[in-house]
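In what follows, a structure is listed as structure tokens, so that the remarks can point back to it.
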Amino acid sequence: MGRDIDLSVNIAGINLKNPVMVASGTFGYGEEYAPYVNINKLGAIIVKGLSLTPRNGNPPPRIVETEAGMLNSIGLQNIGMDTFIKEKLPFLKKYDTKVIVNFFGDSIDEYCEIAKMAGSAPGIHGLEMNISCPNKQEGWLEFGTNSDLTFRVVSAVRKNTNLPLIVKLSPNVTDITVIARSAAEAGADAISLINTLSGMAIDIETRRPKLANIIGGLSGPAIKPVALKMVWQVARSIKLPVIGIGGIMTYKDSIEFMIAGASAVQVGTANFIDPAVTEKIIDGLELYCEQKSIKAIKEITGSIVT
């Protein structure tokens, strides 16, 4: 393949060798996938979502395969920020790949505390805020489904970190552009979308929900058309870089998202099917650019013809 093709992109001040990232929750903390994929080839690793203290998550069963996708109700199980910094970050620092910490909290104070901890940990290049979480101080209303709460939590975190700040949006809203604009106005450096769609599955023999938690998050190819539409909407409504997520299985999917307005993409569910899928996607992007005489991958972003 042509070696003069520039696959690099800049997201929120983070220079990536290519626009392909692994989505939070689908790649562990990186070490789990190291035997199967060349981590140095990735644009960035977004680690499994971290909370201030460890969480056990939901009881099983908590993953169900669906038509063209999967439902998960893991419950954001994780080792906590302090353990991540001490036990997982040293491994990731061995690689020439950017590390972005996905994080969440039950309150604005928790979000801010995690952001402070990340800012003092060498080897973390950026933050991705998961705002699809309930706020215990506001009747458990999800931060990311309310524009005022979105503004308040993002602006608070912005004041507590100098790291590039990506805000990850929930699709379970009436108008995603309203939420995106609130995040942008509050100080986000980039927007990633979409998080999972809310869904459920039922066992017709037992008449019971297949997930112990009843409701879970739908991901995989089934949500791609929804994700693509929302990326296009948000890219047109704000001036920040947009990162596309949702059902990306091949390089062709990635290109669709970039044409719609994404500057980079995250690969999620596909990692469970083929641990090396990201390498194949990166190779495919380079081949596409070569075939189309495109010198720099960033030329594709927002090139949709309507």
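A few remarks follow.
- Filter result for GLU87 (under 25 Å from ALA186 (Cα atoms) and either modelled with pLDDT of 95 or more or surrounded by 20 or more Cβ atoms within 10 Å (Cβ to Cβ) (or both)): no
- Residue check, ILE100 assigned to a strand (DSSP E or B) and touching a helix residue (DSSP H, G or I) at 6+ places or on another chain (Cβ under 8 Å): no
- Qualifying residue in segment 5-25 (condition: among the acidic types (Asp, Glu), in a loop (DSSP other than H, G, I, E, B) and more than 23 Å from GLY57 (Cβ to Cβ)): no
- Screening the candidates ILE281, ILE294, ILE300 for the property of being crowded, with 16+ Cβ neighbours inside 10 Å, among the aliphatic types (A, V, I, L, M) and over 23 Å from the mean Cα position of the chain (by Cα) yields one hit, ILE294.
- Qualifying residue in segment 191-207 (condition: under 18 Å from ALA156 (Cβ atoms) and in contact with a strand residue (DSSP E or B) (Cβ under 8 Å, 6 or more places away or on another chain)): yes
- A search for C-beta distances below 8 Å between a residue of segment 173-187 that is part of a helix (DSSP H, G or I) and any residue that is modelled with pLDDT under 95 and crowded, with 20+ Cβ neighbours inside 10 Å, counting only pairs 6+ apart in sequence or on different chains, returns ILE179/GLY144.
- A single member of LEU211, LEU287, LEU197 is within 20 Å of ILE46 (Cβ to Cβ) and either surrounded by fewer than 22 Cβ atoms within 10 Å (Cβ to Cβ) or modelled with pLDDT of 95 or more (or both), and it is LEU197.
- Hits in segment 146-167 (condition: within 16 Å of PRO241 (Cβ to Cβ) and either of a type in the set (Phe, Trp, Tyr) or out of contact with any helix residue (DSSP H, G or I) (no Cβ under 8 Å at 6 or more places or on another chain) (or both)): PRO164, ILE166
- Any hit, segment 204-224, residues being closer than 25 Å to LEU52 by Cα, outside any loop (DSSP other than H, G, I, E, B) and free of Cβ contacts under 8 Å to residues at least 60 places away in the same chain: no
- ASP274 being buried (at least 16 other Cβ atoms within 10 Å of the Cβ), of a type outside the set (A, V, I, L, M) and without any contact (Cβ under 8 Å) to a residue 40 or more places away in the chain: no
- In segment 44-81, the residues that are in contact with a helix residue (DSSP H, G or I) (Cβ under 8 Å, 6 or more places away or on another chain), assigned to a loop (DSSP other than H, G, I, E, B) and surrounded by 21 or more Cβ atoms within 10 Å (Cβ to Cβ): SER51
- Single residue of LYS298, LYS252, LYS229, LYS292 found to be touching a residue at least 60 places away in the same chain (Cβ under 8 Å), on the phi < 0 side of the Ramachandran plot and basic (Lys, Arg): LYS298
- Residues located in segment 157-172, provided they are part of a helix (DSSP H, G or I) and surrounded by 21 or more Cβ atoms within 10 Å (Cβ to Cβ): VAL157
- Any hit, segment 223-242, residues being surrounded by fewer than 23 Cβ atoms within 10 Å (Cβ to Cβ) and either under 13 Å from THR269 (Cβ atoms) or touching a Pro at 6+ places or on another chain (Cβ under 9 Å) (or both): yes
- Among the criteria (1) surrounded by fewer than 21 Cβ atoms within 10 Å (Cβ to Cβ); (2) farther than 26 Å from THR269 by Cβ; (3) not hydrophobic (A, V, I, L, M, F, W, C), the one SER182 does not fulfil is (1).
The values are calculated or read from the model by the stated rules, or taken from the named source; none is laboratory data. Computed from a predicted structure; not experimentally measured. Cβ atoms come from the backbone with ideal geometry, glycine included; neighbour counts cover every protein chain shown.
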